[in-house]
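K.L.:
Following this message is one structure expressed as structure tokens.
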Amino acid sequence: MTDKKYESLKIENIVASGVIAEALDLALVSSKVRNCELNTKRFPGAVYHIETPKMASLIFSSGKIVLTGSHTTKALADGLAFILKSLNEAGFETFKEPKVVVNNMVCSYDLGKYINLNKIVVTLNVENIEYEPEQFPGLVYRIKDPKMVALIFSSGKIILTGGRNLNDIKLGLAVLEQKLASVL
């Protein structure tokens, strides 16, 4: 498989989480860091939006963080560095080597051809497929290895979620294309 084959593969969102500090006083963080909001009536963590790269983070008093919204691993790393720098400049102590890992990548892919979803259900007849067109227009296909979920639409568009890196996503696509080869 060549990379040209996956030209239409696009990262839509990367979600990462980890620990950046021993503990943080969120009331103080939200008062000192621009674009960081705390509303404990709605959510137990502070929400910190940054513009470059555009992403959002959820920061918790335990020092844990969830990052979302980046479209590349470089943007994720740049965003994390910006958040840490902002916290340090505001007087908060963070880990020099934060432990943050990618938990989920959401990617889109276009097969470039129409897919008969009913034919997939009838032909493959496996338990890892869910298709209820009255409730959702896509077919849900659960890939076991690598463990991920593919939403397949009749337009040929596919949304893949659950991979932790592009290798996982490409492996999942290869498994999916192999399973669908008899139907397409």
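The values are calculated or read from the model by the stated rules, or taken from the named source; none is laboratory data. Keep in mind that what you see is a predicted model, and the values were worked out from it rather than measured. All Cβ positions, glycine included, derive from the backbone under ideal geometry; neighbour counts span all protein chains shown.
K.L.:
Suppose we keep only residues that are of a type in the set (S, T, N, Q) and not in a loop (DSSP other than H, G, I, E, B) within region 88-109. Which one would you say is surrounded by the fewest Cβ atoms within 10 Å (Cβ to Cβ)?
P.N.:
The qualifying residue surrounded by the fewest Cβ atoms within 10 Å (Cβ to Cβ) is N88.
K.L.:
Could you list, in sequence order, all residues of region 1-49 that are of a type in the set (V, I, T), out of contact with any Gly (no Cβ under 7 Å at 6 or more places or on another chain) and part of a loop (DSSP other than H, G, I, E, B)?
P.N.:
T2, V33, T40
K.L.:
Output yes when any residue across region 117-130 is on the phi > 0 side of the Ramachandran plot, modelled with pLDDT under 95 and under 24 Å from the mean Cα position of the chain (by Cα), and no when none is.
P.N.:
Scanning region 117-130 turns up no residue that is on the phi > 0 side of the Ramachandran plot, modelled with pLDDT under 95 and under 24 Å from the mean Cα position of the chain (by Cα).
K.L.:
So which of L111, L160 is touching a Cys at 6+ places or on another chain (Cβ under 9 Å) and touching a residue at least 40 places away in the same chain (Cβ under 8 Å)?
P.N.:
The unique qualifying residue is L160.
K.L.:
Considering every residue within region 129-136, establish whether at least one is closer than 27 Å to T72 by Cα and in a loop (DSSP other than H, G, I, E, B).
P.N.:
The answer is no; no qualifying residue exists.
K.L.:
Would you say K74 is in a helix (DSSP H, G or I) and basic (K, R)?
P.N.:
yes
K.L.:
Please verify whether P44 is within 30 Å of G172 (Cα to Cα) and not assigned by TED's automatic domain parsing to the domain that holds I159, treating the condition exactly as stated.
P.N.:
no
K.L.:
Okay, moving on. Just to check your reading of the model, which residue among K4, K10, K32 is modelled with pLDDT of 95 or more and not assigned by TED's automatic domain parsing to the domain that holds A77?
P.N.:
When all the criteria are applied, what remains is K10.
K.L.:
Could you grab me the full set of residues in region 164-178 that are in a helix (DSSP H, G or I) and either in contact (Cβ under 8 Å) with a residue 60 or more places away in the chain or surrounded by fewer than 18 Cβ atoms within 10 Å (Cβ to Cβ) (or both)?
P.N.:
L166, N167, D168, I169, K170, L171, L173, A174, V175, E177, Q178, listed by residue number.
K.L.:
Filtering region 35-50 down to residues that are touching a residue at least 12 places away in the same chain (Cβ under 8 Å) and more than 15 Å from S61 (Cβ to Cβ), which residue is surrounded by the most Cβ atoms within 10 Å (Cβ to Cβ)?
P.N.:
Only one residue tops the list, namely I50.
K.L.:
Follow-up question, since we're still on this one. For region 110-128, indicate whether the set of residues that are of a type in the set (G, A, S), surrounded by 12 or more Cβ atoms within 10 Å (Cβ to Cβ) and either assigned by TED's automatic domain parsing to the domain that holds C36 or under 16 Å from L173 (Cβ atoms) (or both) is non-empty.
P.N.:
No, because not a single residue in region 110-128 is of a type in the set (G, A, S), surrounded by 12 or more Cβ atoms within 10 Å (Cβ to Cβ) and either assigned by TED's automatic domain parsing to the domain that holds C36 or under 16 Å from L173 (Cβ atoms) (or both).
K.L.:
Turning to a different aspect of this structure: Which residue pairs have Cβ atoms under 7 Å apart, sit 6 or more places apart or on different chains, and have a first residue in region 72-96 that is among the hydroxyl-bearing types (S, T, Y) and a second that is not in a loop (DSSP other than H, G, I, E, B)?
P.N.:
Taking only residues 6 or more apart or on different chains, the pairs are T72/I11; T73/I14; T94/L84; T94/L87; T94/N88.
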